[in-house]
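Heads up, the thing below is written out as structure tokens.
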Amino acid sequence: MPAEQEGISQATSVPAIKDPFQSLADSHKADVSRIRERNRRTRLRWLLYLNLLIFAYLLRRVIEGNPISFGLPSIGPDAWIWIFPVLMLLTVGLMAAMPLMSGRSPHIRFTPEQIGLRFSDVKGIDVVLEEVKRTLQIFLTYRSFREELGGNPRRGILFEGRPGTGKTHLAKAMAAEAGVPFFFVSAPAFQSMWQGMTAWKIRAFFKNLKKAARKEGGAIGFIEEIDAIGLTRGGVERMTADGHSNMVTHKFVGSGDGGMVNELLIQLQSFDQPLFAGRFKNKIVDMVNLFMPATHQFKKKSSPYSNILVIAATNRADQLDPALVRPGRFDRTLYFDLPSRSGRRDLVDYFLAKRKHHPEMDEDERREELAAMTLGYSPAMLEHVLDEALVWAIRDGRNELTWRDIQRARLSEEIGIGQPVAYTERERALIATHEAGHAVAAHMCGKERKLEVLSIIKRRTALGLLAHSDAEERFTKTKSELENMLRIMFGGMVAEELFFGESGTGPSSDLSSATALAAQMVGSYGMGEHLISFEAADNGGYAGGNLVAKVLSNEEGRREVDELLNRIKREVTTLLRENKDLVESLRDALLAREELLGDEIHEVLNDGYRKRELKESIRDL
């Protein structure tokens, strides 16, 4: 064999390196399978014993010549005398048992096969996913972690984050990867109208969790919205890092009832308590040992370790009772932030792979643009927008989504569905001019801005709109960038004055936003004449209220804000007067089409530049 071919065959024969976590997970699943098989055989063995007893009883009846006859029992002619009292007693018994019947655990149990999620389906939260994998590794190797290393495996994790950031999604994937049952429960479902039943439901949930963990080799419980039962109790003593106490006194207990919190705390510390059968056996041993000498006492059976991981989710972690988040309970908090641009790109690829889409959506440029324009979207929001885009496609008689469908879906979700309104001709022209002024100001000043939507279709309270965003994902702004934002805000008002001689009521929201931004620049960002921050005022005449109220109530601050806004308006007036033809081009396009998306805005602006060059060349001739 030639040397090159031999090298190729050797390279192809090298086995693929397996993920260490996946090896651990597969090993644990094999252990779980063995535990399940052992428990299945135990159940079959008891079922066989029961059937043998029943068979022996029936055989004895046959041998004695008294076989069992099937049919309705004979109640006799005087049945009406005793049937009514019996029914009354049963009714009263059922009514008395209603509180007890409501004490069942409200959880929903999922087996790993039912979940259908894996870590490969978790996108956009890579940092959290890595930490979860490490936690799950300890969960899977709890025996060696306890017996060989002498550690205590983590029993509780707190998922904190906004709604729709993937907390429940990741918890299900953890259970599926570990191959253990998943117990889902919503914390408000624990609450009951019967006194004491809430604590009973909490006990029932943890009892089912422990029972499943001992039968299946492990179990994962997930408590959604734990703040419904775990809010801070009144007068709880908080302990600081240096060990000193800081008493926080409340005159009344909040919606998190103290009894519910106390029961939750107790259950989080009692995972390894024996079940009823173990407690009964130990009780018998205690009774026997009363009669045995001290040197010949029978040993009680120790409680086996329950491999349990409890995950709680909330978006109000700062209001939870301090005892819940102390070491040994929910001692690890993982924050689910909104996905970054790279995370959103992974989500876009994942979601589009499951949905029919036009080939244009396979272009890398389109997907990058979608990831860029969805800044601030949670994974659930991003998926919902793509679903809404499919709805728009179906409305147009198509079976695949396009880029325009996504744009319309974003617009309807963020701002609202378009509402046809019969404007007068002058009002329609005024609104188109106003929005065109915003767009030209954004085009000329905001070089770092990307124009997305320009519309004169009414949505909610907005008669028209310009949607624009950062060309790149940014977390800070400079003074010049903030001043450019002010120029964009004044573009509509200035355009009205240039074309109609006066402005109307339309710029009111623009002026409100501009005043708020200018007040922040002067009173918080240190971009005015003084470096005083009004946010630092906690006491005195400027305490309380929002930042804008603090700045405007100060004479110097009010003067600086007014001067800044007037200077910006003069600059925008000069800018739009020099580019009046571009405003006209966008205005005319809006009057003809009512809505322009992305590239369509730039096409109109480029057409305006061409017309300008043509006029200048004709003038030169």
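Computed quantities for the displayed model
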quantity	calculated
Test: residue in the range 484-492 that is modelled with pLDDT under 90 and either under 29 Å from E368 (Cβ atoms) or not aliphatic (A, V, I, L, M) (or both)	no
Criterion violated by P507 - all others in (1) over 24 Å from H602 (Cβ atoms); (2) of a type outside the set (F, W, Y); (3) open to solvent by 40 Å² or more (accessible area, probe 1.4 Å); (4) touching a residue at least 24 places away in the same chain (Cβ under 8 Å) satisfied	(3)
Tally, over the range 406-434, of residues that are part of a helix (DSSP H, G or I) and more than 25 Å from the chain's Cα centre (by Cα)	10
Members of the range 356-381 that are in contact (Cβ under 8 Å) with a residue 40 or more places away in the chain and part of a helix (DSSP H, G or I)	E360, M361, A372, M373, P379, A380, M381
The range 269-308, residues that are in contact with an Asp or Glu (Cβ under 8 Å, 6 or more places away or on another chain) and within 24 Å of R329 (Cβ to Cβ)	S303, P304, Y305, S306
Selection from the range 584-609 of residues that are open to solvent by 20 Å² or more (accessible area, probe 1.4 Å) and of a type in the set (A, V, I, L, M, F, W, C)	L591, A592
Odd one out for E113 among (1) surrounded by fewer than 18 Cβ atoms within 10 Å (Cβ to Cβ); (2) not in a helix (DSSP H, G or I)	(2)
Test set (1) out of contact with any strand residue (DSSP E or B) (no Cβ under 6 Å at 6 or more places or on another chain); (2) surrounded by 13 or more Cβ atoms within 10 Å (Cβ to Cβ) - S144 fails condition number	(2)
Residue within the range 459-479 that is within 23 Å of E563 (Cα to Cα), within 33 Å of the chain's Cα centre (by Cα) and surrounded by fewer than 19 Cβ atoms within 10 Å (Cβ to Cβ) present	yes
Lone unmet requirement of (1) farther than 24 Å from L451 by Cβ; (2) at pLDDT 90 or above; (3) hydroxyl-bearing (S, T, Y) for S513	(1)
Of all residues in the range 179-222 being out of contact with any Gly (no Cβ under 7 Å at 6 or more places or on another chain) and basic (K, R), the one that is most open to solvent (accessible area, probe 1.4 Å)	K207
Within the range 120-129, considering residues that are part of a helix (DSSP H, G or I) and either closer than 18 Å to I308 by Cβ or without any contact (Cβ under 8 Å) to a residue 60 or more places away in the chain (or both), the one most open to solvent (accessible area, probe 1.4 Å)	V127
Lone qualifier among E363, E369, E383 - being over 23 Å from the mean Cα position of the chain (by Cα) and open to solvent by 60 Å² or more (accessible area, probe 1.4 Å)	E363
E535 being modelled with pLDDT of 85 or more and over 24 Å from A462 (Cβ atoms)	no
Residue list for the range 167-186, filter: small (G, A, S) and more than 16 Å from the chain's Cα centre (by Cα)	A175, A176, A178, G179
Odd one out for S342, checked against (1) over 24 Å from E448 (Cα atoms); (2) open to solvent by 70 Å² or more (accessible area, probe 1.4 Å)	(1)
Which listed residue, of I431, I417, I394, is at pLDDT 90 or above, open to solvent by 60 Å² or more (accessible area, probe 1.4 Å) and farther than 23 Å from D346 by Cα	I394
Residue match in the range 397-413 (condition: open to solvent by less than 10 Å² (accessible area, probe 1.4 Å), modelled with pLDDT of 90 or more and in contact with a Ser or Thr (Cβ under 8 Å, 6 or more places away or on another chain))	no
Positions within the range 452-464 being in a loop (DSSP other than H, G, I, E, B) and aliphatic (A, V, I, L, M), in sequence order	I456, I457, L463
Matching residues, the range 418-442, being out of contact with any helix residue (DSSP H, G or I) (no Cβ under 6 Å at 6 or more places or on another chain) and more than 13 Å from A589 (Cα to Cα)	G418, Q419, P420, V421, A422, Y423, T424, E425, R426, E427, L430
Enumeration of residues in the range 465-504 that are assigned to a loop (DSSP other than H, G, I, E, B) and in contact with a Lys or Arg (Cβ under 8 Å, 6 or more places away or on another chain)	A471, E473
Some residue of the range 162-170 being more than 23 Å from F351 (Cα to Cα), open to solvent by less than 50 Å² (accessible area, probe 1.4 Å) and touching a Gly at 6+ places or on another chain (Cβ under 9 Å)	no
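To keep it simple, each residue is scored yes or no on (1) closer than 20 Å to H434 by Cβ; (2) surrounded by 12 or more Cβ atoms within 10 Å (Cβ to Cβ); (3) touching a helix residue (DSSP H, G or I) at 6+ places or on another chain (Cβ under 7 Å); (4) hydroxyl-bearing (S, T, Y).
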site: V522; (1), (2), (3), (4): no, yes, yes, no
site: I532; (1), (2), (3), (4): no, yes, no, no
site: E555; (1), (2), (3), (4): no, no, no, no
site: R559; (1), (2), (3), (4): no, yes, no, no
site: D581; (1), (2), (3), (4): yes, yes, yes, no
site: S617; (1), (2), (3), (4): no, no, no, yes
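The values are calculated or read from the model by the stated rules, or taken from the named source; none is laboratory data. Note that the structure is predicted; figures quoted are calculated from it, not measured. Please note: Cβ atoms are built from the backbone with ideal geometry, for glycine as well, and neighbour counts cover all protein chains shown. Heavy atoms of the whole protein, side chains included, go into the accessibility calculation; ligands, DNA and RNA do not. Shrake-Rupley method; radii C 1.70, N 1.55, O 1.52, S 1.80 Å.
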